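Take a look at the structure set out below.
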Amino acid sequence: MANKFTQLNCAACFLATAILALTIAAAALNWYQYEEEYQASTVDTTATPGKDTINYTRVYWSLEGATVEARSTQAQSETSTFSEYDSNDAAFKIIKIAQAFTLIALIISAILALILALVFVDAIRNKLLFIAGMTVIRMALVFLGLIVVISLVTAFLGLLGINDAFSDDIPSCQMGYCRRFRDTVDDDLGVQTFTDQTGTSVTRFVTRSVSWGPDAGWYIVLACIPLAVFLALLLIVNKFPIPVDSVTIGEAL
């Protein structure tokens with residue numbers, strides 16, 4: 001039984017550590033993005049086809065604020081601006097829900113990883129069993145595992161309300177991210193004449209590509225959910241071995 005406990009506990013400890021690492025990454029990365037890009041290609045049918053990006057606007061929403069990256073048609077360098085959320089905005093509330101539950105999952109997974117690592121040591125495990133009892137410790141670990149699952153699911157589902165929040169914050173919003181959670185739109189704008197980055201007037205065939213949707217942080221939380229469910233199942237089925245002293249004196253844990 002001790003060997004089976006060690007194997008299952010090792011798997012549970014690994015999962016708790018993996019969830020900890022992934023939630024740290026999720027907390028640091030962007031959760032939502034919007035990109036609008038204009039590309040130009042030659043109108044000469046005999047030339048080698050190819051597209052050049054002439055300008056773009058990219059917006060990334062993290063748990064701390066929004067970053068806008070932009071480059072105009074005439075500019076040769078990119079500008080990047082970071083701004084914190086306005087606490088009065090509906091989007092702020094949505095993002096903070098995702099942040100709060102991601103941090104809850106992060107902290108509890110760290111606690112679980114620590115406890116599961118400590119109980120590998122017989123002396124520490126036996127001391128905990130004698131102090132609190134097997135049932136109490138198992139129930140506590142299972143409870144923490146379920147809290148991790150609930151927190152990750154809440155953070156994941158919470159972001160789905162971001163589009164309604166954008167609509168509330170921007171009256172009469174016509175942007176795609178105010179109507180749908182994710183999508184891509186491509187438009188052919190035809191032949192246009194504009195001044196490029198070198199100051200030369202050029203005629204090109206211009207296309208517009210717009211995309212928006214969840215970013216890396218949201219997908220990482222999604223990936224964590226099955227790991228957390230498996231972790232909770234391991235915590236439910238894994239039973240602590242009865243200490244030798246308890247068997248000797250006939251103490252029931």
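The values are calculated or read from the model by the stated rules, or taken from the named source; none is laboratory data. What you see is a predicted model, and the numbers here were worked out from it, not measured in a lab. Counting neighbours? That spans all protein chains shown, and the Cβs are built from the backbone with ideal geometry, glycine included. Remember, those area values only see protein heavy atoms, side chains included, never the ligands or the DNA or RNA. Shrake-Rupley method; radii C 1.70, N 1.55, O 1.52, S 1.80 Å.
Taking label positions 7 Å along the Cα-Cβ direction at both PHE143 and ARG182, the computed distance is 3.7 nm, reported to one decimal. For the peptides 210-223, 88-101, 117-130, the ranking by packing is 210-223, 88-101, 117-130, with the highest mean count of neighbouring Cβ atoms within 10 Å listed first.
Projected label points at ALA216 and ASN88, each 7 Å from Cα along the beta carbon direction, are separated by 3.4 nanometres. In the complete set of protein chains, residue-level accessible area for SER201 is approximately 80 Å², probe 1.4 angstrom. Within the accessible surface of the chain, defined with a 1.4 Å probe on protein heavy atoms only, the carbon and sulfur portion equals 61 percent. The length gained by stretching the chain between ALA25 and GLU69 to full extension, at 0.36 nm per residue less their Cα-Cα distance, is 13.7 nm. Per residue, the accessible area of the chain comes to 53 Å², computed with a 1.4 Å probe over protein heavy atoms only. Using θ = phi - 60° in the Karplus curve 6.51 cos²θ - 1.76 cosθ + 1.60, the 3J(HN,Hα) couplings for region 166-175 round to 4, 4, 5, 7, 10, x, 6, 5, 10, 5 Hz; x is entered for Gly and Pro. For LEU189, the amide hydrogen comes within under 5 Å of the amide hydrogens of VAL206, THR207, ARG208, counting only partners 5 or more places away or on other chains and with H modelled in the peptide plane. From its DSSP helices (H runs of at least four residues, each -39,500 (n - 2.57)), the chain gives a residue-normalised ellipticity at 222 nm of -17000 deg cm²/dmol. Full extension of the chain between ALA123 and LYS51 yields a length gain of 19.3 nm, computed as 0.36 nm times the residue separation minus the alpha carbon distance. Length available on full extension from THR200 to ILE242: 0.36 nm per residue minus the Cα-Cα distance, which gives 7.0 nm.
For region 35-182, the alpha-carbon coordinates run over 82, 41, 25 Å along the three principal axes, in decreasing order. Candidates (i) 0.98; (ii) 1.21; (iii) 1.07; which is the computed Rg/Rh (Cα atoms, Kirkwood Rh)? The value computed from this structure is option (ii).
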